[in-house]
Each structure stands twice: as C-alpha cells, then as structure tokens.
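This report refers to the structure that appears directly beneath it.
The values are calculated or read from the model by the stated rules, or taken from the named source; none is laboratory data. These figures come from a predicted structure and were not determined experimentally. In this analysis, Cβ positions are derived from the backbone assuming ideal geometry, glycine residues included, and neighbour counts consider all displayed protein chains. Please note that ligands, DNA and RNA were not included when accessible areas were found on the heavy atoms of the full protein model with its side chains. Shrake-Rupley method; radii C 1.70, N 1.55, O 1.52, S 1.80 Å.
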Amino acid sequence: MDEENTKRKLIEPLIDLLGWDILSSAVELEYSVQMGSTTKRVDYALKIDGTPVVFVEAKGCDTPLEQGHEEQLKSYMRQVGVDWGLLSNGREFKIFRHHVSSNRVNLVSLSEFDIEDVPANEHPLKALSRESIDSGESRQIAEKIEAVQNAVKSLRENKEELAEDVTGVVSEVAGNAVSQQVEDEAKSFVDDLIATLEEQAHRTEVTRKRSGGSEEAGDEEYVVRLTRNGGEVHRVVADVQSEAMAALVNYLIGEEDLLDEIEIPYVPGTGRGSRALLNDKPEHLDGEKMKRKQRVSGGYYLFTHLGSDEKKRYISELPNKVGLECEFSGGW
C-alpha cells in the first residue's frame with residue numbers, strides 16, 4: 001500500500017484504538033511545524049487541551065523505514081517540545097520519547113517492533129494512549145522499559161565476565177573437570193535471563209496507585225488448568241505468560257511422558273511450517289534463531305515469541321497429546 005492507503009487502513013485505526021478520536025479536535029492532521037524559514041508538516045498531532053503530546057509520522061507500506069525518517073520525526077519533536085513520537089509504515093513501528101538524564105534532554109528509542117510482534121509490545125504502544133498520557137502512566141511504563149533495557153545492555157556487555165565468575169565459583173566446589181560445561185550453561189543462563197527481562201518489560205503492567213494510596217498490580221496471574229475426564233490433574237500459575245508455558249511443558253515432560261508422544265523438533269499447528277515450538281537447540285527448522293525462548297526439562301528450548309492467542313492455541317496442543325485438556329484463566 002502507498003502512504004495514503006496505509007494511513008487510512010492501518011495508522012488511523014491504531015490511533016483510534018489508543019483512545020484518540022481521529023475525528024475530534026484532539027487529533028490534528030498535517031500539523032504545522034516551523035523549522036527556521038520553512039514550514040514542515042507532521043502527519044498527526046495528538047493533543048491534550050490543545051497542546052501536542054504525541055507526533056505520529058506515517059510512511060507507506062511500500063516504503064522501508066530509514067534513519068532519515070527517524071531524524072525527521074525527532075526534529076519535529078525537538079522543535080515543538082513534544083514528549084512522544086511514533087514512526088510507522090504499517091509494517092514496522094518505532095516509538096520515541098523525550099528522556100531527561102543529568103539535566104540533559106535526549107530523544108531516545110523506547111521500542112522497535114514489526115507488526116507480527118504487536119501483541120508482545122502492547123505496553124510500549126499503551127504508553128501512547130490518551131489515558132496513559134493523561135494519567136502519567138506513560139512515564140512509568142517508559143521508565144520500566146528503559147530500566148530493563150539498561151539491565152539487558154549491562155548483561156550483554158558483561159556476559160563473558162559473569163560466566164567466568166560463575167565457572168570459578170562452581171569449579172572450586174566441583175573441580176575443573178566441569179568448568180567448560182559450567183561456562184556454557186552460565187552463558188546460556190544469561191541469554192535466557194535477557195529474553196525473560198525483555199518479555200517482562202513489554203508485557204508486564206507497571207504498578208499503579210489507587211486513589212486510597214494502596215498499590216494494585218496491573219496484570220493478573222496467568223493460570224493454566226489441566227484436566228482429564230473432567231477432573232483437575234495439575235495447575236500452573238505464573239506472573240509471565242512465557243513462564244507459565246515453560247512450567248506447563250516441564251510438567252508434561254516430567255510427569256506425563258510428553259516426549260514419547262511428539263517428535264522433536266515439534267512444529268505446532270499443521271506441522272508444515274518452519275517455526276519449531278519445541279526443539280533441542282534454540283532455533284527453528286530453517287536455522288533461524290529463536291527470538292525468545294525458555295529452557296525446559298531435558299535441555300530443550302521452548303519458543304515463546306508469540307502473541308497471547310498463539311501461545312494459548314499452540315500450547316494447548318501439547319496436553320492433548322497425552323490425553324489432557326487445557327483451560328486458561330487469569331491474565332490470559
């Protein structure tokens with residue numbers, strides 16, 4: 001689609017979903033920005049009490065997003081003093097915000113994702129909603145995401161040193177014969193921790209204050225109930241969807257002999273795709289690395305880079321293999 005079709009069919013419905021009525025005075029199309037002696041126009045200015053708080057710059061689906069497009073949006077945000085920006089061609093989404101650090105104001109990238117990853121990035125998008133900006137929750141969401149981004153960066157930069165430290169401690173207890181295996185496992189642990197942190201940052205609600213001052217957790221727990229002939233066999237409860245998936249698979253492998261009923265790599269759905277849900281290495285059938293994964297019993301890798309509906313649909317297949325039925329409740 002070209003730019004006009006992309007705007008009408010993808011960008012404007014998204015703006016509406018975020019609580020900004022596209023037909024109201026809160027959304028101004030082709031908002032004028034004075035850049036020196038030149039007047040530029042932002043595709044959409046989302047306003048509260050007449051003041052722009054979000055700039056949305058749209059490109060066509062037929063136009064790949066480039067660095068120049070990012071700089072264009074950032075220059076508009078700087079010029080007007082707008083805190084939030086969204087750049088999208090309907091296939092890719094990039095969210096920016098003003099960030100104050102050590103009395104310096106910078107424009108930083110809060111999140112970048114493709115359209116198929118929207119379900120896993122609901123909270124970066126929620127930061128742009130009218131309700132979140134009006135209530136101040138947007139800032140809390142951004143601070144949580146940025147804190148995790150800093151932690152992930154530090155873990156990546158120090159992975160080798162962390163693995164060496166863990167190897168040294170374990171080798172003192174178990175001997176040098178296990179040092180190489182320990183080092184490999186330590187690096188894998190850091191990778192898994194990074195993946196879990198990234199998922200939590202984008203899927204876990206920030207803690208909100210009720211009017212009375214008490215704290216209220218934003219997300220419910222994720223509950224998976226396994227039954228056989230109507231009777232409950234096992235129940236999984238976790239704070240994060242991917243952890244609930246992993247706990248369920250660990251139970252099925254350890255207690256229900258799941259591996260006797262499926263082939264590894266296990267491909268969900270029709271079984272004709274290339275994405276492996278469960279594999280003995282962290283990659284799919286075509287060799288592509290799993291973006292997000294969980295280590296489960298037996299040293300297998302569970303692919304978790306899925307939307308909520310896909311998680312439920314695909315993970316339900318596994319209990320069925322061993323004669324169990326699966327029910328979801330809580331935050332699902």
| said: Please go through the range 122-181 and give me each residue that is open to solvent by less than 40 Å² (accessible area, probe 1.4 Å), in contact (Cβ under 8 Å) with a residue 60 or more places away in the chain and part of a helix (DSSP H, G or I), ordered by number. | reply: His123, Pro124, Leu125, Ile133, Glu137, Ile141
| task | Could you list all residues from the range 11-27 that are open to solvent by less than 60 Å² (accessible area, probe 1.4 Å) and not in a loop (DSSP other than H, G, I, E, B)? | result | Ile11, Glu12, Pro13, Leu14, Ile15, Val27
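Only residues that are in a loop (DSSP other than H, G, I, E, B) and either open to solvent by 10 Å² or more (accessible area, probe 1.4 Å) or more than 16 Å from Leu125 (Cβ to Cβ) (or both): list them for the range 90-102, please. Can you show your working first?
Initial filter on the range 90-102 (in a loop (DSSP other than H, G, I, E, B)): 90-91, 102.
The answer is Arg91, Ser102.
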| field | Cβ pairs under 8 Å, 6+ apart, first in the range 265-290 and among the β-branched types (Val, Ile, Thr), second open to solvent by less than 90 Å² (accessible area, probe 1.4 Å) and modelled with pLDDT under 85 | value | Val267/Gly273; Val267/Ser274
| task | Quick one: in the range 28-65, of everything that is of a type in the set (Val, Ile, Thr) and within 19 Å of Arg130 (Cα to Cα), which residue is surrounded by the most Cβ atoms within 10 Å (Cβ to Cβ)? | result | Val54
| Do we have Gly269 as out of contact with any strand residue (DSSP E or B) (no Cβ under 9 Å at 6 or more places or on another chain) and closer than 24 Å to Ile194 by Cα here? | no
| task | Determine if the range 235-254 includes at least one residue that is among the acidic types (Asp, Glu), part of a helix (DSSP H, G or I) and at pLDDT below 95. | result | yes
| task | Please find, within the range 66-89, the residue that is least open to solvent (accessible area, probe 1.4 Å) out of those that are modelled with pLDDT under 95 and part of a loop (DSSP other than H, G, I, E, B). | result | Val82
